[in-house]
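Since every read-out is calculated from the coordinates, none of them should be taken as a lab result. Every value quoted in this text rests on a predicted model; they were computed, and no experiment measured them. Note that each Cβ is placed from the backbone with ideal geometry, even for glycine, and that neighbours are counted across all protein chains shown.
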Amino acid sequence: MNEIPTPENIGLSREDLPNSYIGRSVPRPNLPKLVQGLASYTDDVTLPRMVHAAFLRSPHAHARIVKVDSAAALAVPGVLRVFTGADLAKVCDPWVATLDHLKGMKSAPQHPLPLERATWQGEPVVAVIAESRAAAEDGVAALAVEWEPLPAQLDMETALAPGAVLIHPALGDNLVFTRTATKGDVEAAMAAAHKVVEATFVTGRHTGVTLEPRSIIADYNRADGTLTAHHSTQAPHMMQGVFAKQLRMEEGQVRVICKDVGGSFGIKVHVYPDEVAVAAIAKVMGRPVKFVADRFESFVSDIHARDHRLKGRIAVDAEGKILAFDIDDLTGIGPYSVYPRTSAVEGNQVVNLCGGPYDFANYRCTTTVVLQNKTPTCQYRAVGHPIATAVTEGLVDLAAEALGMDPIEIRRRNLIRDDAYPYTSPPGMRFEGLSHHAALEKLLAMVPVAKIRADQEAQRKKGVYRGLGFASFIELTNPSPFMYGLGGARISAQDGATVRMDPDGSVVVLSGVTEQGQGTEGILRQIVAHGVGVALERVKVVTGDTQTTPYGGGTWACRGAGIGGEAALQSAIALKQQILVVAGAMLQAAPESLDIVLGQVVDKATGRERMPLGELGRILYFRGDTLPKDLPRELVQTRHFITKEYPFAFTNGIQACWAEVDAETGLVTVLEHWCVEDCGRVINPLLVDEQVRGGIVQGLGGALYEHCVYDGQGNLLTTTMADYLVPMSAEMPDIHVGHVETPTRESLLGAKGAGEAGTAGAPAALMNAINDALRPLGARVTEQPFTPACILQALGKI
Amino acid sequence: MSQRVEITLRVNGERVSRSVEPRRHLIDFLRLDLGLTGSHAGCEHGVCGACTVRVDDEIVRGCLVLAASLDGAEVTTIEGLTESGEVADLQAAFVARNAAQCGFCTPGMVMAAADILRHHQDADRTAIREHLSGNYCRCTGYQAIVDAVAETLESRR
């Protein structure tokens, strides 16, 4: 085993080797408990002496809290305590969500419960603690709060105008962040272009709707001075640091445990004031406090996202070559930037990603991020990507239309060549290796374009309007410290894995990345079984506990497989090497002449079985006296991994959508959808395919149904699942997924992220399909969601 | 809320007697009073289907049924359905096809799919999609779930 491991000599993506699991569609180890109802989500945990929190939430978008009278609430049977912002400020420090590398960014201090003013409808203001959740809610209903309603700043378009309501007067204005990226000479390119087309795009405010609501049990033990949080989170180590800092504790005094997490999509990677309040209350009361958001609370207090307005122009020459993109993005993020990732990242991503798949010389993109009195926004699945892809691909289709060019042809002429890498994009993103043309060709092999065009033509004659839309995209995965750490946030870009062999020859892996349904534990099991040389069933995976797993970032921004997977592979290989040193001593053989296959130490040359790992473990752990005294005996290895050469591992792909628009009702039906994506090495095709499909459905949901709608006073109107519509099975089509594999050379594993590709491209592909359908009717839509009303307005019917 | 209602019913084949508040929903009764945490409260408005359980022979929303109304009823949850082996093949198909991601919707989805297996054996993919439209899944994209149900129906034919 002295040879340096390479993807070839460790058999990656080979299914013909007995111990080769990387690249195979094998089931996840945690599925049986999920299908049998035996999982353990945070709300399933009950602790001795546990009490329950409920929150009074602001009924106003902006109001002064004049007086809180809790006498009646405290008289409710079962109610134990009431906490206001002033109560919690004594034990919990406020936070400010800015990142140093986002130049000029500003935001205001945020307390777990506000001290003087509520700044969005739904902001938690007073906490009631009771013996049961029902009693706590009774207590909330009995609270008497006197409010002084204040004018609210709702419209992001006027947030910087003279006369705007200053949400935090100390900041001077409502500007959080602005950035312009420029390359080349956009004005000259526009002036010299054969065609310039422009449009304004809107992406509707969405939220994640994890089916399991945000949940936490915080338990402060006064005897040993420790806080243990059972938390439905994507980033347990980050939350460990946050709880410690805000509650004035050492990080070592805080333990965060996340067992099964019922969906995340970025929603559960942020610091929520109600959750910090619960931790602070647990510290005051010295007992476990549980809070599980109900669905109304989820809609008003889970982060929202995607509330952008973009004005875009594209310039092309007579051959369809893209000369320039010029984009102006505006987004409203609510009254606070969300800690600690900040709410400027989505806009910043738009600047980084517009035009991403294409080779062009002139670029200008500005994002302006402003405050408003609505629910705070922050990073949600595919942060900024569906926005950038919608404006980019919408403009490319408009240019093709202006030129009379086929949408496939204009993409073929402009996508970055597959042999052009490494490549730096106009806003400065560095691509190690992408496969736009290979992906396009693969997509065209899957989509029966000629048949579809013939059907489209035939249907139009019958008054049925169908359209085919395409969207190429890039996706940012495997983030380095350039994403957050550089700006001062204690968010780990590095991740670790500890792999050990126990006496019976079974293997345990402890990982800093986490599982929220993506299949993290499944792929870690495959990687470690492959790397050590044991059967899948002999590997147990442990994640989601800051006390036992190596420090790491958790699972977000498509880093679980690429970062956590590589750490697991490296530690598994190190363990194998160590096992072979021990085996060599026992068998009087050179370690490099041995191998491990399916739990057996074998002669590498002949495959002859020499010793099962269980026997090796028995001798090592229980009869170590029979082994050489100086033999290294550590059958446990830890490795960490961080990307080094590139700030991000970009992936790419292309989607196609075939949709029908009912010109009478405005209803859109997605008939079929395709996606080809390149996430580098595919560890488990079964998992990747359904991840991509789930992402596409979430993207289609945002483009068709999902919308956080506010009234003129800043009240959120969509606060139940009957009002905020997410896709159901009957509305969604069968989705075809294909892959191109361009492994990253940053790691041995070669994996990049796959979880956000579907969401990144689906809305744009659908928009282009709708506009292809509407073209003979002279209508066009660019404002999501594409509801029946939106379509009928475009058709001039309402 | 001092008034309470005495109920006796069978849950997963076992006789259960409890005194419940009139406002106690079935999902809270199962989770909080009986410790049956396999059924989940997702929306509490009867929309998402995560709390789907069987009462007598019909699937219902556990968040829309009051426990006080269930004196004498026969309730089956995911725990009881699993124990009986009635849908072992369906559950195996869910595992094989990765028809669950985070798993929060899955017990309700399996209860709804079990209803297809009992009452709609001729369902095609479109009918399966229609029948499961009362059960939201935010992770999978539904296709693997439809595949798993279709495969189980086919193997039972």
key: Label-to-label distance, nm, for residues given as B:SER84 and B:GLU14 (7 Å Cα→Cβ offset)   = 1.7 nm
task = Determine which residues of the stretch A:629-659 fall in the zone a paramagnetic label at A:GLN459 would reach in this model, i.e. backbone nitrogen under 19 Å from the point 7 Å along Cα→Cβ.
result = A:655-659
ask   = When DSSP assigns beta bridges and you keep just the ones with both residues in the stretch A:176-270, what percent turn out antiparallel, to the nearest 5?
value = 60 percent
ask   = How do A:HIS707, A:HIS436 rank when sorted from fewest to most other Cβ atoms within 10 Å of their own Cβ?
value = A:HIS707, A:HIS436
request  = Provide the three semi-axes, in whole Å and in decreasing order, of the ellipsoid equivalent to the stretch B:5-81 as defined by the square roots of 5 times the Cα gyration tensor eigenvalues.
outcome  = 17, 14, 11
request  = Calculate, in nm to one decimal, what A:ALA188 and A:ALA420 gain on full extension: separation in residues at 0.36 nm each, minus their alpha carbon distance.
outcome  = 80.9 nm
Ordering of A:205-211, A:790-796, A:696-702, A:603-609 by packing [mean C-beta count within 10 Å, highest first] = A:696-702, A:205-211, A:790-796, A:603-609
query = Computed from the mean reciprocal separation of all distinct C-alpha pairs, what Kirkwood hydrodynamic radius does the protein assembly as shown have, in Å?
reply = 29.0 Å
message = Please report the spacing between the Cα centers of the stretch A:667-699 and the stretch A:720-744 in Å, no decimals.
response = 6 Å
query = Under 16 Å Cα-Cα from A:LYS283, which aspartates and glutamates qualify once same-chain neighbours fewer than 8 residues away are excluded?
reply = A:ASP87, A:ASP93, A:ASP219, A:ASP224, A:GLU250, A:GLU251, A:ASP274, A:GLU275
note = Here the relative contact order (percent) of the stretch A:133-218, from C-alpha pairs under 8 Å and at least 6 apart, is 12 percent
query = Structure shown: which of A:LYS374/A:LYS797; A:LYS33/A:LYS540; A:LYS461/A:LYS797; A:LYS103/A:LYS752; A:LYS268/A:LYS290 lie over 26 Å apart, alpha-carbon to alpha-carbon?
reply = A:LYS374/A:LYS797; A:LYS103/A:LYS752
ask   = Each label point is 7 Å from the Cα along the Cα-to-Cβ direction; what then is the distance between the points at A:THR6 and A:THR638, in nm?
value = 3.2 nm
note = Scalar couplings 3J(HN,Hα) for the stretch A:51-60 by Karplus 6.51 cos²θ - 1.76 cosθ + 1.60 (θ = phi - 60°), nearest whole Hz, x for Gly and Pro, are 10, 10, 10, 9, 10, 7, 10, 4, x, 10
request  = From other protein chains only, count the Cβ atoms within 10 Å of every residue's Cβ in A:26-34, then give the mean.
outcome  = 6
Anchor A:LYS195: lysines whose Cα lies under 26 Å away (excluding residues fewer than 8 positions away in-chain) = A:LYS183, A:LYS311, A:LYS321
ask   = Using the alpha-carbon atoms, what tilt in degrees (0 to 90, nearest 10) does helix B:106-119 show relative to the longest principal axis of chain B?
value = 70 degrees
inquiry  = What is the distance in Å between the Cα centroid of the stretch B:38-65 and that of the stretch A:284-348?
reply    = 33 Å
message = Give me the net charge for the shell around B:ASP124: Cβ to Cβ below 11 angstrom, other residues only, Lys and Arg +1, Asp and Glu -1.
response = -1
message = Taking beta carbons within 10 Å but only from partner chains, what does the mean come to for residues B:69-79?
response = 1
query = Computed FRET efficiency, Cβ-Cβ of A:GLU116 and A:ASN221, R0 45 Å: what is it to the nearest 0.05?
reply = 0.85
For the stretch A:562-670, diffusion coefficient by Stokes-Einstein and Kirkwood Rh (Cα), 10 °C, 1.306 mPa s, µm²/s = 88 µm²/s
request  = Work out which helices of chain A, taken as complete DSSP H runs, extend at least 27 Å along their axis over the Cα atoms and score a mean Kyte-Doolittle of -0.5 or more, then list them.
outcome  = A:565-587, A:685-704
query = Taking only the alpha-carbon positions of the stretch B:85-156 and ignoring solvent, what does the Debye formula give for the base-10 log of I(q)/I(0) at q = 0.12, 0.21 Å⁻¹?
reply = -0.24, -0.80
Peptide B:104-114, shielding by other chains (average Cβ, 10 Å cutoff) = 4
